[in-house]
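Reading through the structure tokens given below for one structure.
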Amino acid sequence: MAVVAIKTEPRCKLCTHPQRSDIDALLERRSRGDLDDKGNRINQEYVIKVFAEWGVKNPTKENLTTHFGKHCEVLEDEAAVEREKELDEIHQEMLDALDNSDGSIDGDLEAIRKVGMRRIRKLVLEGRDPGITNDHLLKAVAEQTKRSSNDAARSLLGQLAGGMVQALATRQEPRQLPAAEVIDVEAVEE
């Protein structure tokens, strides 16, 4: 059995603690009634004492039960291995995106975009909030609108240029007007 984070609640002191994975693992051991290395039963009092040593401020029974019940999930070993495999694949995709950049500005920007999207996917798989705010959503919508507008303008200009080229290609040579007769005249004085 393995425990995984299915949610990260910003107001939960256990979710936001730097040793979250250790906290979750200890809570799993408590749920199974395991013994520590010295033969002590890992129970509520034991966990509260260890959490205090790890710097969790005022750990309580409610903290433990709420966090473990709502923010964690116990998976079978196979499911945990599968989740780890998915996370390893995402890490590899991130490395590939960075390695495949051609060093140009556009290549580097594309690598950053790919790494960022995989990072968001990783956070979601881990049950954590990817931190996408309303501002991020509004910026993404604005950028998509701008790009659509630019694409439409580019298409319209392309059609206009194509029409002009076609008009010039099918243009006939101007007709020659008949040459005017030249008449020699002498001015007469009055």
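Just for the range 76-99: of the residues that are among the acidic types (Asp, Glu) and under 27 Å from the mean Cα position of the chain (by Cα), which one is farthest from ASP36 (Cα to Cα)?
Here is the first cut: in the range 76-99, the ones among the acidic types (Asp, Glu) are 76-78, 82, 84, 86, 88-89, 93, 96, 99.
Those left that are additionally under 27 Å from the mean Cα position of the chain (by Cα): 82, 84, 86, 88-89, 93, 96, 99.
On the way: GLU82: 28, GLU84: 26, GLU86: 31, ASP88: 30, GLU89: 34, GLU93: 38, ASP96: 41, ASP99: 44 Å.
Step by step, filter the range 76-99, then rank; the result is ASP99.
Out of all the residues in the range 35-51, is one or more of a type outside the set (Gly, Ala, Ser) and at positive phi?
So the first thing to find is which residues in the range 35-51 are of a type outside the set (Gly, Ala, Ser), and the list is 35-38, 40-51.
With the extra rule that they be at positive phi, the set shrinks to none.
No, the range 35-51 has no match at all.
Residue check: is ASP36 surrounded by 12 or more Cβ atoms within 10 Å (Cβ to Cβ) and within 36 Å of the chain's Cα centre (by Cα)?
Details: surrounded by 12 or more Cβ atoms within 10 Å (Cβ to Cβ): yes; within 36 Å of the chain's Cα centre (by Cα): no.
So ASP36 does not fit the description; no.
Any residue that is under 30 Å from PRO10 (Cα atoms), out of contact with any Gly (no Cβ under 8 Å at 6 or more places or on another chain) and at pLDDT below 85 - is there at least one of those in the range 156-178?
First pass over the range 156-178, keeping only residues under 30 Å from PRO10 (Cα atoms): none.
Checking the range 156-178: not a single residue is under 30 Å from PRO10 (Cα atoms), out of contact with any Gly (no Cβ under 8 Å at 6 or more places or on another chain) and at pLDDT below 85.
Pairs please, first residue from the range 99-114 and surrounded by 11 or more Cβ atoms within 10 Å (Cβ to Cβ), second anywhere and among the hydroxyl-bearing types (Ser, Thr, Tyr), Cβ atoms under 8 Å, 6+ apart in sequence or on different chains.
GLY107/SER101; ASP108/SER101; GLU110/SER101; ALA111/SER101
Determine, yes or no, whether SER31 is in contact (Cβ under 8 Å) with a residue 12 or more places away in the chain, of a type in the set (Gly, Ala, Ser) and either surrounded by 12 or more Cβ atoms within 10 Å (Cβ to Cβ) or in contact with a strand residue (DSSP E or B) (Cβ under 9 Å, 6 or more places away or on another chain) (or both).
Values: in contact (Cβ under 8 Å) with a residue 12 or more places away in the chain: yes; of a type in the set (Gly, Ala, Ser): yes; either surrounded by 12 or more Cβ atoms within 10 Å (Cβ to Cβ) or in contact with a strand residue (DSSP E or B) (Cβ under 9 Å, 6 or more places away or on another chain) (or both): yes.
Spelling it out, SER31 is indeed in contact (Cβ under 8 Å) with a residue 12 or more places away in the chain, of a type in the set (Gly, Ala, Ser) and either surrounded by 12 or more Cβ atoms within 10 Å (Cβ to Cβ) or in contact with a strand residue (DSSP E or B) (Cβ under 9 Å, 6 or more places away or on another chain) (or both).
Can you tell me which condition LEU14 does not meet? The list is (1) at pLDDT 90 or above; (2) surrounded by fewer than 18 Cβ atoms within 10 Å (Cβ to Cβ); (3) of a type outside the set (Phe, Trp, Tyr); (4) under 21 Å from PRO130 (Cα atoms), and all the others hold.
All conditions pass for LEU14, except number (2).
Residues in the range 57-75 that are among the β-branched types (Val, Ile, Thr) and within 31 Å of the chain's Cα centre (by Cα): how many?
So the first thing to find is which residues in the range 57-75 are among the β-branched types (Val, Ile, Thr), and the list is 60, 65-66, 74.
When the remaining residues are screened for being within 31 Å of the chain's Cα centre (by Cα), the result is 66, 74.
Total satisfying the criteria: 2.
The values are calculated or read from the model by the stated rules, or taken from the named source; none is laboratory data. Just so we're clear, the structure is a prediction, and the values are computed from it rather than from any experiment. When we count neighbours, we look across all protein chains shown, and the Cβ atoms used for this are built from the backbone with ideal geometry, even at glycine.
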